[in-house]
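The next block holds one structure in the form of structure tokens; read it before the comments.
The values are calculated or read from the model by the stated rules, or taken from the named source; none is laboratory data. Fair warning: this is a prediction, and the values are worked out from it, not measured in the lab. Positions of Cβ are backbone-derived with ideal geometry, glycine not excepted, and every protein chain shown enters the neighbour counts. To get the accessible areas, we keep the full protein, side chains included, count just its heavy atoms, and leave off ligands, DNA and RNA. Shrake-Rupley method; radii C 1.70, N 1.55, O 1.52, S 1.80 Å.
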Amino acid sequence: MCHFFWKIFPIILFSGLPYIRAGAQVNLDYYLPDGIEYNSDIPKPQSIIGHEVGAWHITHDRLTHYFFELAEHSARVKVEQFGATYEQRPLINVIITSEENHGKLDQIRIEHLKLSDPATSEGLDVSKMPVVVRLGYSVHGNEASGANASVLVAYHLAAAPGNEMDEILKNCIILIDPCLNPDGLQRFSSWVNQHRSKNLNSDPNGREFSEAWPNGRTNHYWFDLNRDWLPAQHPESVARLKLFHDWRPNVQTDHHEMGSDATFFFQPGVKARTHPLITSENVALTEKMGKYHAKALDDHKRLYFTRESFDDFYFGKGSTYPDIHGAIGILFEQASARGHLRDTQNGKLSFPFAIKNHFITSLSTIDAAIDLKTELLNYQKAFYRETNDKKNSDVNKMIIFGTKSDPSRAILLGQVLQKHQIKLHRLERDVVLDGLKYFAGRSFAVPLNQPQQNLIKAIFERHTSFKDSLFYDVSAWDFDLAYNTQLAWIKNKNGLSISKAYVSDIKLPRGEINRDNAVAYVMDWNQYYAPGFVNALLHEGLNVKFASEPFTSNSGARFGRGSILIPVGIQNMGEDKVFELLEESAQKYHLKVSALQSGLSSTGIDLGSNNFKNVRKPTIAMIVGPGVSSSESGEVWHLLDQRYDMHVTMISSDRLDRVRLNKYNVLVLPGGSYGALNAAVQERIKDWVKHGGTLIAWRDALRFLNKLQIADIKIKKIEKDTVSEISYADRSKAKGAREIGGAIFNVLIDNTHPLAYGYDQKMLPVFKRGSLALKPAGKKISNPFKYSGSPLLSGYASDENLKMISGSPAVSISSFGEGKVICFVDNPNFRAFWYGTNRLFMNAIFFGDKISTR
């Protein structure tokens, strides 16, 4: 136990108690337990970072520097870099335990991992094993009190002497991730520090509290990393997942901030919003640990709440992901100062006050883990044993997933599953399941009889019925639908031909091209990385065409609409150079490119047909800034930059009146209000479209286009306001239940339409947030995609919303002058893992100018 007597420092407490004076300084005495003579050989934070903790917001470089210095001076501390961010900031894991444990750390880790495998856990004596606790701070960079508290936690654990601390370190391996989002923290700390006054100003109207867009919450590409534990699309998440599975901690904390007028929250959250795969034992242990947090906060006269607001449903969050791994995930939310000192309904909230709450609950977490050590270790062991025991009672034995044509999406899905320690086999012979053909080489088999069985179910199972209709985040995330792959649940494995061994390393295919005296080269557009290939060729000056009708080459190979043609004879360079460029790009983008020896097709259009149209080299601009969704803007930036090596010029909304839009032929409007655009800018956008520009927009941006009167769209509304019939106490819940926080809908597509080029199915799963729905346009050709009659595939949507959305347009295309306006009801690039609809967006970019609306 770590129940040191704490000093109640009187100058900074909430709720009518005295608070810290503007400009007053705090030192370590404010934070640390009283009555401890800390080891003077261990450097205090101020001696390394240059200021007292909480006096300024720590920058990431100083944060990491302190931990490396701490490791130099303490045998209890080891620091290892386990990855890097997009901006190349180090991700560090700080391991704190006894010197004896450090001497056999790898042995302890390997022994601990046996708990997660029923094949190895049988004879383990948990009484002799240390508990593993992982403390994670500030995944949202502008929720910085956590990262600043991590310094104090580490100093206390490294420098506090005595038998009690010796027992803690003997029985616990403490892993500290000081900052889960270094790029965001650096961005935020720079902002608040540069606006800090010597005499702290607590007025919330001050610039210190109004971060510049896109703010520090997100990573380099403006993604919320606390939604990426499951999708694993970013280097921070990929590295962190590996570390998690290298240790499989018993407890993992996730330290956040919330609105400034709140107090402090710790889990459990709303019980009815707990995912059904989270066990009752997990909830019970979370409640037991909660009593330790309550006591610690009570001792300091701190206000807090629990069992409200937050849920434990989406496994892509840092506090929920552990729950599907036999561990206890704990979310902490502290009212945010968002600067150094801020007026709130509870009084003046200082940054040190917020830091101290995270410090207090970090130590109460360790206290609880020590006291509940045997229960926690046994629970993890039992979790996987019980999972294993289900294998005989489970009707389904295996999952098969794959793609009909493009192998990349199935491979990318397989790679993500492997990051979650899910084992796969290759399908070695074609098979038809539920009327769909699964092809060897681009299909995989996932046996359910493996330790990660529960996570597999969490990733692939469909849910449309729920105990509660409110969700803190999304209600569905089915990966097969996200990657637009086929999926079959297998009850009987007889007749299936799969690889004997698990696949160890899934790689994207090598590029494939042959020369064979070609008069032209052709590439099927159904391949995921095709846009990058085409963009690279256009930048090299090649003349690139696309087929608006299908054809079959004289060798019998069939090519669909959207197939890319590179004729050899019309290029402004020699045949050798053309082949060299094609070969280089085919390898880079993992594509199959075929050589054609004749311009005469055996069926369909010949190579000289006018139905081969020139691909316009896209020059893309995107409006960003206040009023525009930073996350949706970041999704576009990331997709184009990271996957397709395409430039996108991000123009701040307040600079549009000074930008020559005619430099660009594509303009992207992610979701947003755009209300700040003045009348002159609005007219410039209209004029730009009128003169041939392609404008692509989605979600709330459609309301702006409707106001601009350049798109043939009419927005639907729910006919009856059922909320007015609800009791006053239930009004907020009823309003929340009418929102679609995130669900998966089915859209019927016209395969002959340019926006559908590359799709080989008639129905497409789309991710939907919000209840936006359109009325059909006058011309059917303007609405080539519509929601099906029963559109909900997975997740929650109210009956009113389903009725309104059913059969309505999912896409609307309008001509305005010589230009095109392409309106997606839903975001086609959701969180970087909705691979299945990325093609819609890329088709709009490459083919949008050629779409006919007549």
Just one listed residue, out of G848, G778, G819, is modelled with pLDDT under 95 and over 23 Å from G741 (Cβ atoms), and it is G778
Which residues, taken from region 509-553, are of a type in the set (D, E) and assigned to a strand (DSSP E or B)?
-> E512
Scan region 762-820 for residues that are closer than 25 Å to F460 by Cβ, surrounded by fewer than 20 Cβ atoms within 10 Å (Cβ to Cβ) and of a type in the set (D, E, K, R) and jot them down.
-> K762, R769
Check whether at least one residue in region 619-642 is touching a residue at least 60 places away in the same chain (Cβ under 8 Å) and within 30 Å of V568 (Cβ to Cβ), and report yes or no.
-> yes
Reported set for region 631-667 where residues are open to solvent by 30 Å² or more (accessible area, probe 1.4 Å) and over 23 Å from D687 (Cβ atoms) is S631, W637, D641, Q642, D645, H647
Here are some residues: S504, S497, S465. Which one is open to solvent by 10 Å² or more (accessible area, probe 1.4 Å), among the polar types (S, T, N, Q), without any contact (Cβ under 8 Å) to a residue 12 or more places away in the chain and more than 29 Å from L115 (Cβ to Cβ)?
-> S465
Within region 312-342, residues being outside any strand (DSSP E or B) and among the β-branched types (V, I, T) number 2
Would you please name the residue that is farthest from the chain's Cα centre (by Cα), looking only at residues in region 509-537 that are of a type in the set (S, T, N, Q) and open to solvent by 30 Å² or more (accessible area, probe 1.4 Å)?
-> N517
Return a yes/no flag: does region 41-54 have any residue that is at pLDDT 95 or above, closer than 18 Å to G136 by Cβ and in contact with a Phe, Trp or Tyr (Cβ under 9 Å, 6 or more places away or on another chain).
-> no
Restricted to region 107-127, and to residues that are under 19 Å from W247 (Cβ atoms) and assigned to a loop (DSSP other than H, G, I, E, B), which residue is least open to solvent (accessible area, probe 1.4 Å)?
-> L124
Out of curiosity, is K348 part of a helix (DSSP H, G or I) and either at pLDDT 95 or above or closer than 14 Å to T263 by Cα (or both)?
-> no
Are any of the residues in region 628-651 at pLDDT 95 or above, of a type in the set (V, I, T) and assigned to a helix (DSSP H, G or I)?
-> yes
Here are some residues: Y796, Y787. Which one is closer than 29 Å to S630 by Cα, under 26 Å from the mean Cα position of the chain (by Cα), modelled with pLDDT of 95 or more and in a loop (DSSP other than H, G, I, E, B)?
-> Y796
Residue under evaluation K381, criteria (1) open to solvent by 20 Å² or more (accessible area, probe 1.4 Å); (2) out of contact with any Ser or Thr (no Cβ under 9 Å at 6 or more places or on another chain); (3) of a type outside the set (D, E), criterion not met = (2)
Touching a residue at least 40 places away in the same chain (Cβ under 8 Å), more than 18 Å from the chain's Cα centre (by Cα) and not in a loop (DSSP other than H, G, I, E, B) - does that describe any residue in region 208-218?
-> yes
What are the residues in region 800-845 that are within 28 Å of D524 (Cα to Cα) and among the basic types (K, R), if any?
-> K820, R831, R839
Which members of region 503-519 meet the condition of being over 30 Å from Q597 (Cα atoms) and either touching a Pro at 6+ places or on another chain (Cβ under 9 Å) or among the polar types (S, T, N, Q) (or both)?
-> S504
Within region 538-551, which residues are under 24 Å from H753 (Cα atoms) and either open to solvent by 20 Å² or more (accessible area, probe 1.4 Å) or out of contact with any Phe, Trp or Tyr (no Cβ under 9 Å at 6 or more places or on another chain) (or both)?
-> L538, N543, V544, K545, E549, P550
